[in-house]
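> After the structure tokens below, expect a handful of questions from me.
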Ligand code: GCO
Ligand code: MG
């Protein structure tokens with residue numbers, strides 16, 4: 001039918017047009033679809049008055065591509081549901097109750113008294129994380145429905161276009177964990193219930209033994225075993241060198257974390273590589289076989305030396321050997337695997353999936369050491385755990401002192417619910433930290449237990465937190481470089 005012959009026709013807003021079409025109820029007369037704005041005031045106009053492109057009911061079988069969008073599906077992320085609980089504020093709390101710079105996010109909601117806490121601790125760059133949250137995520141998220149955890153994660157991830165990295169991921173983690181906390185509180189369940197429920201009652205942990213001599217390390221290990229730990233990580237100071245993982249400065253100077261001391265001693269990998277096998281020989285002789293031993297190389301040696309060390313340590317039956325390479329040297333893993341069956345733990349420095357996916361799918365590591373806030377929170381971490389499960393890789397979430405109790409609780413939720421749990425690293429919470437964060441997970445018999453409270457189960461006394469500002473430090477908490485004797489900077 002030529003449209004010139006027409007006097008009248010039905011003109012519908014395009015949404016009505018799609019709806020009628022999908023119910024098969026378009027009349028056999030000419031029908032026009034016009035944009036909603038243009039049709040707001042009237043839906044019947046004369047053909048002479050306006051000539052939109054003509055579509056008959058029969059033509060509607062070949063709609064323009066935009067008509068393929070389903071009509072009338074409510075979008076969960078739009079704020080049109082009056083019953084939804086909204087994000088009212090996103091706040092950042094900085095505190096250092098036991099000297100370690102912690103960053104925690106508090107999401108306040110439209111429901112009085114309902115809030116969530118998340119860990120955003122990037123202890124070397126905490127102030128940058130604070131800015132990322134306050135200046136970028138806060139305005140982006142106020143008004144969003146607290147239920148939309150996945151969509152909030154996905155939209156936050158791409159809102160910077162250039163994505164990923166420890167700053168942006170820690171900022172996102174603070175928000176993400178806080179939203180899981182809120183969801184758990186609303187459901188009146190601990191978060192592990194939302195992840196599928198418990199597959200174990202508590203999470204076995206490894207604790208840190210260290211010292212300036214083999215004897216001291218053995219004593220420190222014995223002490224931990226006496227407290228019920230069946231897994232012990234052992235690190236020994238190398239004379240005259242800035243060694244990773246030795247808690248007490250051997251010169252008796254005040255207890256500043258070794259890596260924050262402005263003047264670092266040098267570091268030579270060969271001395272270390274010769275010392276460590278002797279340490280484990282000593283420990284096996286002293287402690288016997290009834291304890292699982294672990295060690296962290298902390299990416300401190302050239303890759304080929306790490307392979308040599310791994311081979312030498314194989315005979316001491318370690319539970320795992322951690323971070324033999326820096327993430328930049330992931331390409332060495334196939335070579336390491338061909339040389340030794342020592343179990344390998346890797347990944348606390350990973351911030352992007354590209355860094356861990358290949359190692360898992362190619363079965364080049366045995367434990368994933370991911371620092372949950374550095375990959376963006378519980379949302380990506382639970383997917384990572386599930387991905388590892390399919391490849392026989394176990395979890396060993398990073399749990400050092402520079403994870404807040406809120407972050408440790410997030411670790412625990414996954415420990416309790418993941419079938420492929422391996423072990424949990426434990427940094428004991430200092431007394432002041434326990435006061436600032438009421439509800440810290442309990443440590444008993446070498447295991448971490450949930451307090452069974454809804455959500456992540458951790459509180460935050462903000463008044464007390466404010467009494468522990470970040471300590472003064474020449475680099476604001478950044479790590480001074482460690483160098484070889486010839487001046488070469490090493491990975492930390
Ligand atoms: C570990 C780690 C930590 C990191 C620290 C960096 O295995 O526990 O290596 O001790 O060095 O978290 O800030
Ligand atoms: Mg480590």
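> Eigenvalues of the Cα gyration tensor times 5, then square-rooted: what semi-axes does that give for the stretch 212-333, in whole angstrom, largest first?
Ellipsoid half-lengths, sorted descending, are 22, 21, 12 Å.
> OK, next. Cα centroid distance between the stretch 337-369 and the stretch 146-180, in Å?
The distance from the Cα centre of the stretch 337-369 to that of the stretch 146-180 comes to 24 Å.
> Starting with the fewest neighbours, write out 436, 217 ranked by other beta-carbon atoms found within 10 Å of each beta-carbon. Kindly include the intermediate steps, with their values, before the conclusion.
On the way: 436 28, 217 25.
So the ranking, lowest neighbour count to highest, is 217, 436.
> Here's a follow-up. Along each of the three principal axes of the Cα atoms of the stretch 196-455, give the extent in whole Å, ordering the values from largest to smallest.
Between the extreme Cα coordinates on each principal axis of the stretch 196-455 lie 48, 43, 39 Å.
> Determine the distance separating the Cα centre of the stretch 107-144 from the Cα centre of the stretch 383-410; give it in Å without decimals.
22 Å
> Could you please rank 491, 379, placing first whichever residue has the fewest other Cβ atoms within 10 Å of its Cβ? Before the final figure, lay out the partial values.
Working: 491 15, 379 23.
With the sparsest Cβ surroundings first, the list reads 491, 379.
> Could you rank the peptides 454-467, 96-109 by their average count of other C-beta atoms within 10 Å per residue, with the highest value first? Spell out each step's value before the answer.
On the way: 454-467: 18.1, 96-109: 23.1.
Ranked from most to least packed, the peptides come out as 96-109, 454-467.
> Here's something else I'd like to know. PRE reach from residue 483 (point 7 Å along Cα→Cβ): which of the stretch 263-291 fall under 12 Å by backbone N?
264-267
> Turning to a different aspect of this structure: How would the stretch 87-193 be classified by its alpha-carbon gyration tensor: rounded, prolate or oblate, with rounded meaning a/c under 1.5 and the a/b versus b/c comparison settling the rest? The partial results should precede the final answer.
Values: a/c = 1.68, a/b = 1.20, b/c = 1.40.
Here the stretch 87-193 falls in the oblate category.
> So how do 127, 384 line up by other beta-carbon neighbours within 10 Å, fewest first?
On the way: 127 15, 384 25.
Ordered from fewest to most neighbouring Cβ atoms within 10 Å, 127, 384 come out as 127, 384.
> Sorted from largest to smallest, which semi-axis lengths in Å does the alpha carbon gyration tensor of the stretch 409-459 give for its equivalent ellipsoid, taking the root of 5 times each eigenvalue?
Details: eigenvalues 74, 36, 14 Å².
Over the Cα atoms of the stretch 409-459, the semi-axes work out to 19, 13, 8 Å.
> Still on this structure, please answer the following. Sorted from largest down, give the three principal axis spans of the alpha carbons of the stretch 380-489, whole angstrom values.
So the three principal-axis extents are 45, 43, 28 Å.
Every number in this text was worked out from the coordinates using simple rules, so none of it is lab data. Here the structure is a predicted model, which is why all the values come from computation and not from measurement. Note: ideal-geometry Cβ built from the backbone for every residue, glycine included; neighbour counts use all protein chains shown.
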